[in-house]
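What follows is a set of notes on a single structure, which appears directly below.
The values are calculated or read from the model by the stated rules, or taken from the named source; none is laboratory data. Being a predicted model, the structure only gives us computed values, none of them experimental. Every residue, glycine among them, receives a Cβ derived from its backbone with ideal geometry; neighbour counts consider all protein chains shown.
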């Protein structure tokens, strides 16, 4: 039975009917406990929606004028689906992202979120830029780095201290061993792949 991707109500029902199974999935991060799930998204204020549209359209001069007019840049506290910095990251517009960062209105959580999105977008220039402005590179999980399949991004992490054969990933790999007859081979393939990546990315 797979409960990944089901609605909150369905998952809560499953947790009551199959508590042991669901606790195992929670332990190995296949699902989140109902108490820790993200609350309902809120609507972004209209003025920030307008700013996001400017960022999405790449209207750098208009955004700079917005800043000169002292209009709001900072996203208020809340659970929003997007923000000006997130929209700028999605557009891939380096100068737009830097203009927003220079204003000092992007908090640490938003910087870290933008950093992960830059890796997902395989945009190495933005990865470097966000690090320069204080994004924490070590909030990124190992699989996000690996799945970027971007040589420069992986090389950058290795150069900055990521050990692809570190024991801290052993538990994550070991989970595969309990997942059926093919798991030991999957585990060996994963370890071999990591070693190959390290060899292919000379510093």
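For residue 77, are the conditions met, namely being in a loop (DSSP other than H, G, I, E, B) and under 20 Å from residue 45 (Cα atoms)? So that I can check it myself, show each step before the final result.
Details: in a loop (DSSP other than H, G, I, E, B): yes; under 20 Å from residue 45 (Cα atoms): yes.
Taking the combined requirement at face value, the residue satisfies it.
Yes/no per residue for (1) within 14 Å of the chain's Cα centre (by Cα); (2) farther than 30 Å from residue 161 by Cα:
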| residue | (1), (2) |
| --- | --- |
| 52 | no, yes |
| 77 | no, yes |
| 80 | no, yes |
| 90 | yes, no |
| 94 | no, no |
| 128 | no, no |
| 139 | yes, no |
| 147 | yes, no |
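Kindly list, by first and then second residue, each pair from a residue in the stretch 77-94 that is on the phi < 0 side of the Ramachandran plot to a residue that is loosely packed, with under 15 Cβ neighbours inside 10 Å and outside any loop (DSSP other than H, G, I, E, B), limited to pairs with Cβ atoms under 6 Å and residues at least 6 apart or on different chains.
79/42; 80/42; 94/125
Out of 189, 112, 160, report the one residue that is surrounded by fewer than 17 Cβ atoms within 10 Å (Cβ to Cβ) and modelled with pLDDT of 75 or more. Can you show your working first?
Numbers: 189 fails: modelled with pLDDT of 75 or more; 112 fails: surrounded by fewer than 17 Cβ atoms within 10 Å (Cβ to Cβ).
Unique residue meeting the criteria: 160.
Which of the residues belonging to the stretch 131-148 are touching a residue at least 12 places away in the same chain (Cβ under 8 Å) and closer than 23 Å to residue 97 by Cα?
131, 133, 134, 135, 136, 137, 139, 140, 144, 145, 148
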